[in-house]
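Worksheet: the structure to be examined is printed underneath.
The values are calculated or read from the model by the stated rules, or taken from the named source; none is laboratory data. Owing to the predicted nature of the structure, the values given are computational and were not obtained by experimental measurement. Glycine also receives a Cβ, built like all others from the backbone with ideal geometry; neighbour counts cover every protein chain displayed.
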Amino acid sequence: MQEYLDTNRANWDDRASAHAARTGLGYAVQRYVDDPALLSDVVRFDLDRLGDIRGLRTVHLQCHIGTDTLSLARLGAQVTGLDFSPVALTEAKALVAESGDQVQFVESDVYAALSVLEPASYDLVYTGIGALCWLPSIDRWAQVVAGLLAPGGRLFIREGHPILWAMDETRDEDLLLRFPYFEQEKPLAWDDDSTYVATDRPLTATKTYEWNHGLGEIVTSLLAAGLTLTMLVEHDSVPWEALPGQMIERADGEFALDARAGVAPLSYTIQAVKPG
Ligand SMILES: C[S@@+](CC[C@H](N)C(=O)[O-])C[C@H]1O[C@@H](n2cnc3c(N)ncnc32)[C@H](O)[C@@H]1O
């Protein structure tokens with residue numbers, strides 16, 4: 001397992017420096033410095049379901065370079081971002097130092113979060129958009145989430161749908177389910193020098209290991225961890241071009257299927273509450 005973790009971390013360190021480009025087609029982080037009211041497209045999509053988060057003690061798991069994290073802070077939450085990539089966190093800290101957003105960052109594997117953050121102390125655990133596929137066990141993840149939440153606190157996750165992760169993105173016609181939908185012990189191994197946003201250079205740490213988790217497995221793991229499900233919504237879009245050549249970009253920054261609009265869910269939102 002350590003080999004998978006180290007390989008994935010090296011890939012994310014590499015991606016993080018490429019993703020942190022100030023301008024361009026990717027995260028374009030300079031926008032957050034130039035406009036102190038700007039929210040990421042991801043958080044803007046969540047707004048209606050997220051509701052009022054002012055003052056909530058919040059942890060953003062797998063926060064990457066901090067663009068969603070600082071967006072939560074801009075909505076008034078007291079936010080700590082957690083990620084295992086030191087390069088991502090260096091970029092995130094540099095960004096908020098310049099933008100002036102009040103955010104803390106902690107370096108840790110998600111599964112070790114309860115040893116670096118105070119258990120049972122968060123009103124909101126926020127995560128998603130390419131987070132769960134890096135984790136081998138959904139049950140262990142749900143236990144960490146439940147362990148972080150204070151009584152009455154809630155999980156908010158919007159994530160790529162497991163049916164999307166099962167699709168072969170290299171086919172530009174006929175959606176093809178090629179990869180496991182259900183969680184497998186053995187990861188899918190990839191070797192790819194590109195990433196999900198345009199960058200100015202190919203990656204050098206190209207290998208990754210990923211796991212899918214079925215929607216039923218995700219819900220069941222949260223229930224087994226003692227949480228109460230309060231929302232499960234499936235969406236016809238996702239915030240990155242997950243199936244190149246088959247998607248249209250909408251005005252809100254979301255990508256939806258073009259010719260086959262509506263044939264499959266591409267992302268979902270789950271909310272779950274820890275009983276008070
Ligand atoms: C696709 S990004 C999350 C995206 C985020 N929503 C965004 O776009 O800013 C995935 C993040 O998960 C982190 N990550 C992957 N595996 C992890 C682990 N085991 N523990 C902590 N962070 C992890 C990576 O470093 C990366 O920053």
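Picking from residues in region 182-198 that are surrounded by 14 or more Cβ atoms within 10 Å (Cβ to Cβ) and within 14 Å of the ligand (Cβ to nearest atom), the one that is nearest to residue 129 (Cα to Cα) is 196. When residue 142 is tested against (1) within 25 Å of residue 212 (Cα to Cα); (2) away from the ligand (no atom under 12 Å from the Cβ); (3) more than 16 Å from the chain's Cα centre (by Cα); (4) aliphatic (A, V, I, L, M), just one condition goes unmet, and that condition is (3).
Which members of region 22-44 meet the condition of being in contact (Cβ under 8 Å) with a residue 60 or more places away in the chain, under 17 Å from residue 98 (Cβ atoms), surrounded by 12 or more Cβ atoms within 10 Å (Cβ to Cβ) and more than 18 Å from the chain's Cα centre (by Cα)? Of everything in region 22-44, those that are in contact (Cβ under 8 Å) with a residue 60 or more places away in the chain, under 17 Å from residue 98 (Cβ atoms), surrounded by 12 or more Cβ atoms within 10 Å (Cβ to Cβ) and more than 18 Å from the chain's Cα centre (by Cα) turn out to be 32, 33.
Can you confirm whether residue 163 is outside any helix (DSSP H, G or I) and either out of contact with any helix residue (DSSP H, G or I) (no Cβ under 6 Å at 6 or more places or on another chain) or within 16 Å of the ligand (Cβ to nearest atom) (or both)?
So residue 163 fails the test.
For region 8-18, the criterion of a residue being of a type in the set (Phe, Trp, Tyr), in a helix (DSSP H, G or I) and within 10 Å of the ligand (Cβ to nearest atom) is satisfied by at least one position. Pairing each residue of region 74-94 that is within 9 Å of the ligand (Cβ to nearest atom) and in a strand (DSSP E or B) with any residue that is modelled with pLDDT of 95 or more and β-branched (Val, Ile, Thr), provided the two are 6+ apart or on different chains, yields C-beta distances under 9 Å for 82/59; 82/106; 82/110; 82/116; 83/65; 83/106; 83/110. Looking across region 170-227, the residues that are among the aromatic types (Phe, Trp, Tyr) and either in contact (Cβ under 8 Å) with a residue 60 or more places away in the chain or outside any loop (DSSP other than H, G, I, E, B) (or both) come down to 190, 196, 209, 211.
Scan region 114-132 and tell me whether some residue there is more than 15 Å from residue 27 (Cβ to Cβ), in contact (Cβ under 8 Å) with a residue 24 or more places away in the chain, of a type in the set (Gly, Ala, Ser) and within 13 Å of the ligand (Cβ to nearest atom). Within region 114-132, one or more residues are more than 15 Å from residue 27 (Cβ to Cβ), in contact (Cβ under 8 Å) with a residue 24 or more places away in the chain, of a type in the set (Gly, Ala, Ser) and within 13 Å of the ligand (Cβ to nearest atom).
The set of residues from region 45-73 being touching a residue at least 40 places away in the same chain (Cβ under 8 Å), among the hydroxyl-bearing types (Ser, Thr, Tyr) and either within 12 Å of the ligand (Cβ to nearest atom) or farther than 22 Å from residue 151 by Cα (or both) comprises just one member, 67.
The set of residues from region 95-113 being over 15 Å from the mean Cα position of the chain (by Cα), aliphatic (A, V, I, L, M) and near the ligand (Cβ under 9 Å from one of its atoms) comprises 112, 113.
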